[in-house]
Amino acid sequence: MCILYIFSLILLIFFDIQYYIRIIAVVLFGRLFEKKQKVTDPTIIYGFCFTQDLDLVFKHMNNARFVRDLDFARFHFYDRSGLYDEMIKRKSDALQAATNIRYRRVIPIFTFYKIVTQVIYWDEKSIYVEQKFITNDGFIRAIVLSKQTMIKTDVEDVMKSLNAGPKPEIPRDLDLWLQSMEVSSEKLRAKQD
């Protein structure tokens with residue numbers, strides 16, 4: 001019994017066990033109780049701002065927790081949309097290439113919220129996802145754009161396999177964000193030369 005306690009303590013010290021448990025729980029819950037979604041449809045997971053999520057003033061969720069919750073919502077989306085299965089079939093992987101988060105209002109302690117995840121655009125290398133943190137009052141507390149770059153596969157082909165339909169027009173905010181990243185990349189390349 002003592003060895004089990006020591007092993008558990010070592011796991012807790014060296015690994016973020018809660019992170020892995022939450023990912024497993026979110027994916028399992030989706031598989032057991034939710035239908036598969038079309039890759040272009042929104043998926044939703046729910047969260048609750050608890051004491052472990054707080055910032056230094058102990059009143060609301062800290063910024064790092066927002067980003068952490070995005071992972072849970074993204075894993076859920078990949079599983080429910082069939083994107084993960086398609087990546088396995090193609091021996092591909094996805095890389096979180098960039099994230100842009102806009103915090104609009106805090107999520108207070110002991111507040112329920114949902115994260116809505118939806119693909120808003122794609123090109124041959126990446127899918128672009130919009131995620132919203134929405135509290136029970138309907139207010140969007142944070143909105144996130146992220147670029148998911150797929151390795152060793154053509155995203156256009158993946159989206160056809162998943163019956164995504166016609167590619168949507170690029171939203172203006174996404175287009176401007178991509179342009180800003182290109183300007184940043186050019187500046188960094190110039191410094192390396």
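The values are calculated or read from the model by the stated rules, or taken from the named source; none is laboratory data. All of these numbers come straight from a predicted model, not from anything done at the bench. Quick reminder, even Gly has a Cβ in these numbers, built from the backbone with ideal geometry, and neighbours come from all protein chains shown. The area values use the complete protein model at the heavy-atom level, side chains included, leaving out ligands, DNA and RNA. Shrake-Rupley method; radii C 1.70, N 1.55, O 1.52, S 1.80 Å.
If a spin label sat at a point 7 angstrom from the Cα of ASN136 along the line to its beta carbon, the backbone N atoms of segment 91-110 nearer than 18 Å would be those of 106-110.
Over the chain, the reciprocal of the mean inverse Cα-Cα separation, the Kirkwood hydrodynamic radius, stands at 18.5 Å.
I need the fraction of alpha carbon pairs in segment 28-132 separated by more than 19 Å, rounded to a whole percent.
Here the tail beyond 19 Å accounts for 48 percent of pairs.
If R0 is 41 Å, the Cβ-Cβ spacing of ARG172 and LEU4 corresponds to a FRET efficiency of close to 0.15.
Please give the direction-averaged projected area of the C-alpha convex hull for segment 120-163, in square nanometres with one decimal.
3.8 nm²
Since only LEU188, ILE101, ILE44 are under comparison, the one whose Cα sits farthest along the positive direction of the charge dipole of the chain, derived from C-beta charges on Lys, Arg, Asp and Glu, is ILE44. What the chain shows is 63 Å² of accessible area per residue, with the surface traced by a 1.4 Å probe over protein heavy atoms. Running Debye on segment 111-193 with equal point scatterers at the Cα sites and no solvent, what base-10 log of I(q)/I(0) appears at q = 0.19, 0.22 Å⁻¹? So the normalised log intensities are -0.95, -1.06. Taking every full run of DSSP H in the chain, the ones that stretch at least 15 Å from end to end by Cα along their long axis and average 1.0 or higher on the Kyte-Doolittle scale are 2-14, 17-33. Sort all Cα-Cα distances of segment 17-86 into consecutive 5 angstrom bins from zero, then give the percent of pairs in each bin up to the one containing the longest distance. All Cα pairs considered, the percentages come to 3, 16, 25, 22, 15, 11, 6, 3, 0. Under the definition of Cα pairs under 8 Å and six or more residues apart, what whole-number percent is the relative contact order of segment 50-193? Across segment 50-193, relative contact order equals 22 percent. Between LEU95 and LEU54, how high is the FRET efficiency from 1/(1 + (r/R0)^6) when r is the Cβ-Cβ distance and R₀ = 30 Å? Nearest 0.05. Approximately 0.50, to the nearest 0.05. A crude spin-label estimate for the pair LYS114 and ASP85, with each label 7 Å from Cα along the Cβ direction, gives 2.4 nm. Taken along the Cα-to-beta-carbon direction at a fixed 7 Å, the label points for LYS36 and ASP71 span 2.7 nm. Based on C-alpha pairs under 8 angstrom that are at least 6 apart in sequence, segment 1-133 has a relative contact order of 30 percent. Model label points for VAL183 and TYR46, set 7 angstrom from Cα along the Cα-to-Cβ axis, are 4.2 nm apart. The share of accessible area on the chain that comes from carbon and sulfur is 60 percent, using a 1.4 angstrom probe.
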